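The values are calculated or read from the model by the stated rules, or taken from the named source; none is laboratory data. The model shown is predicted, which means the values in this text are computed figures rather than measured ones. Note that we place each Cβ from the backbone using ideal geometry, even for glycine, and neighbour counts take in every protein chain shown. What goes into the accessible areas is simple: the full protein's heavy atoms, side chains included, and nothing from ligands, DNA or RNA. Shrake-Rupley method; radii C 1.70, N 1.55, O 1.52, S 1.80 Å.
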Amino acid sequence: MRTTLALALGLGLSLVLARPVAAAPAPAGAATPGDGDGLGDDAAEREEALTFAVKRAWAYLKEDALADAQEIGEGLIAGDPQGVAAFAGLELLAQVADRAPLDRRVAAIGGVLERIEATTPSSPEAAAARDRAWIRALELRGRANLRRGVEGDRLAFLACADDYRRSAALHGEGDSRRAVPLLYAAECTAGGPEPLDALPLFREILERYPSKAQYAIEGLVFLHLGVAHFAEAAALMERYVALYPKDMRAPKFNRQALAIRVALGQVSEAKRDAEAAFLLFGRKDPERAAEADWSLRALAKDDRSRREHAEAYLKRYNHKGGVDRQIVAEATLGEIEWRSACPVPETLGLCLAPPPRPTKKTSKARRCGPAPRAVLPRRAAAADAAQKRLSAVAKLARARIDIPEEERARVWEFRQAVAMSQLRALDRDLEAFFALEAPRDLVLTVDPKLAERDPHAHRTRLRLVDDSRRRLVMFLADLRHQSAKLVEGYMIAGKERGAPEAILLGALRTGQIHDRIADLLEGVEIPRDVAEGAEAKAFCDALRDQAAPHRDQAREAYIYCIDRSTVYQYFSDASRACEAALARIDPRLYPRLHEFTGEPSAGELGPWAEGVQFDPPPELAGE
């Protein structure tokens, strides 16, 4: 049941209240119907009655009884049009307008603001009440505009910023409460068409209101991220972490700042962020700290920096960041040590002597083909240490390694490290295989007319031929036996882990093994007693017949390498070496590709070659 309660105040206030609300009972002494003589002019009673009315209106607002709250607000205004009660009523009306649907809310609150601005306060107390109502209405409209901006109307952000600026101005320069609307004004500006216009506002908060600096720094972080000022954003996140290390945002900001520094290649700053992560998580969450330190690996661009990072990581974290990362670090050190054991820069991972330079003393006529490149011995101590470390990697990898499936890059890195460690272990045997030399002083031909001229010399020649063929057959059998074991090992190492680089390198090594056998055969020295001409040609033809199947197998391995590279869309030095090898074996069918951009790939292979064109083709000249 609705009841109407008239409170007669000394200023002639007439207040209309709605149905009673249990949460806000009438204060003792307040006038009610039937009190007869009213409240008189007592200021305390007027203030108490006003407080009761406002509480009653708020209770209606909580119940969404907007009409009742509106009636109380209008009653307060009517009872004291220019006094404290009027501005309390206008503030209530602003709250009612704030409950309107969003498409009408801004206009509804704007209408209340116009009434506030048009009302002249009758006293200093009323002026203070007006400012409170004014500030509240501006902030409510600013919040509504912010909501509109978030829903897609970017111009609404400008209106939001203007409302909060006006609210901040009403607080006055020396009022600490000014910081909050300024902060909202800055955030609204940052969401508008010109985000950088928010910078002066954020800086003002940082300089004048230290208590709100935390929020200002956070706002600046998102502002700079939004306009792709990544270095500035990272610096602000680092400042935030340093000032508020226990805040819930500190870990996220530390991680983001580190990622930005790594992406920008800023080594010293990234190391500082990793050290900050160690201070944040080192004891309570070492895996998280290890993850931060591990990200520095991306900044290591040469063997020295990679070695330093791997050694430092293992010393501080070892397996605490995950056994998979421990394995990758150990594999990195093993590969670097293996590479450094070679006295010259490696050739595709093998320690080979530089190609010999032709000199006047070199006689190519006494070989069927060029001599194979010699293998250089590695420094024993360094090579042994490297292989020992690589063996340890293989043992660690036998255990069950759990890596979250969503961390695909981490899984790939682990598989790659284990597979490459296996390949480097095989490379030691491969270099020993490459060090094998073909038998010398072979005699593979007999002059048919020799039997008539000198039967004894003919029989001696036949024995030499039999001995040469026996030695050659034994040599080839040994080559094939060792090469089969190596090829099997290389192919298994790549496929077992599903690592593209290892698969390509395994295919390359398979081709190199067969190429090496062919090179050894074709590079055999022609015996001195073999005459130039037909006899020498027959000797070389016999060796080429033995080498031909291995050239074919090498070609198949290189084609497989390029095919896998294309399928995986993964191109590396190994795939480029396979292309170069194919072009060397058969330049007519596999011409070398000359590409200006992009990654090398097999392309459309055909029996043609195209020279370098300095002018565009006619069909493209007009484009």
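Limited to segment 243-298, what total is found for residues that are surrounded by fewer than 16 Cβ atoms within 10 Å (Cβ to Cβ), assigned to a helix (DSSP H, G or I) and among the aliphatic types (A, V, I, L, M)?
Selection size over segment 243-298: 6.
All but one of (1) assigned to a loop (DSSP other than H, G, I, E, B); (2) open to solvent by 10 Å² or more (accessible area, probe 1.4 Å); (3) of a type outside the set (A, V, I, L, M, F, W, C) hold for GLY321, so report the exception by its number.
Result: GLY321 fails condition (2) only.
Answer yes or no: is there a residue in segment 91-100 that is among the charged types (D, E, K, R) and under 49 Å from the mean Cα position of the chain (by Cα).
Yes, because at least one residue in segment 91-100 is among the charged types (D, E, K, R) and under 49 Å from the mean Cα position of the chain (by Cα).
Using beta carbons and a limit of 6 Å, which pairs, at least six apart or on different chains, have the first residue in segment 445-460 and in contact (Cβ under 8 Å) with a residue 24 or more places away in the chain and the second one in a loop (DSSP other than H, G, I, E, B) and loosely packed, with under 12 Cβ neighbours inside 10 Å?
The qualifying pairs do not exist here.
Spot the failing condition for ARG378; the list is (1) in a loop (DSSP other than H, G, I, E, B); (2) open to solvent by less than 80 Å² (accessible area, probe 1.4 Å); (3) at pLDDT below 75, and only one is missed.
So ARG378 meets the others, but not (3).
Answer yes if at least one residue in segment 328-351 is modelled with pLDDT under 90 and either part of a helix (DSSP H, G or I) or hydrophobic (A, V, I, L, M, F, W, C) (or both), and no otherwise.
Within segment 328-351 (the criterion being modelled with pLDDT under 90 and either part of a helix (DSSP H, G or I) or hydrophobic (A, V, I, L, M, F, W, C) (or both)), the answer is yes, since at least one residue qualifies.
Any residue in segment 297-323 that's on the phi > 0 side of the Ramachandran plot: show its pairings with residues that are at pLDDT 90 or above and polar (S, T, N, Q) at Cβ separation under 7 Å, as long as the two are six or more apart or on different chains.
So the pair list comes out as ASN318/GLN326.
Being of a type in the set (A, V, I, L, M) and open to solvent by 10 Å² or more (accessible area, probe 1.4 Å) is the filter here, so list the residues in segment 547-556 that pass it.
Scanning segment 547-556 gives a single hit, ALA548.
Among the residues that make up segment 89-111, is at least one of them surrounded by fewer than 17 Cβ atoms within 10 Å (Cβ to Cβ), farther than 30 Å from ASP153 by Cβ and in contact with a helix residue (DSSP H, G or I) (Cβ under 7 Å, 6 or more places away or on another chain)?
No, segment 89-111 has no match at all.
So which of ARG509, ARG471, ARG544, ARG576 is open to solvent by 40 Å² or more (accessible area, probe 1.4 Å), at negative phi, within 50 Å of the chain's Cα centre (by Cα) and touching a residue at least 24 places away in the same chain (Cβ under 8 Å)?
ARG576 is the lone residue from the list that is open to solvent by 40 Å² or more (accessible area, probe 1.4 Å), at negative phi, within 50 Å of the chain's Cα centre (by Cα) and touching a residue at least 24 places away in the same chain (Cβ under 8 Å).
For segment 158-184, how many residues meet the condition of being open to solvent by less than 20 Å² (accessible area, probe 1.4 Å) and touching an Asp or Glu at 6+ places or on another chain (Cβ under 8 Å)?
Residues in segment 158-184 being open to solvent by less than 20 Å² (accessible area, probe 1.4 Å) and touching an Asp or Glu at 6+ places or on another chain (Cβ under 8 Å): 5 in total.
Out of all the residues in segment 512-527, which are open to solvent by less than 10 Å² (accessible area, probe 1.4 Å) and under 41 Å from the mean Cα position of the chain (by Cα)?
ILE513, ASP515 - these are the residues of segment 512-527 that are open to solvent by less than 10 Å² (accessible area, probe 1.4 Å) and under 41 Å from the mean Cα position of the chain (by Cα).
Condition check ((1) under 14 Å from ILE116 (Cβ atoms); (2) surrounded by fewer than 19 Cβ atoms within 10 Å (Cβ to Cβ); (3) out of contact with any Phe, Trp or Tyr (no Cβ under 6 Å at 6 or more places or on another chain); (4) at pLDDT 90 or above) across all residues:
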residue	(1), (2), (3), (4)
ALA49	no, no, yes, no
PHE52	no, no, yes, no
ALA57	no, no, yes, no
TYR60	no, no, yes, no
GLY73	yes, no, yes, no
ALA78	no, yes, yes, no
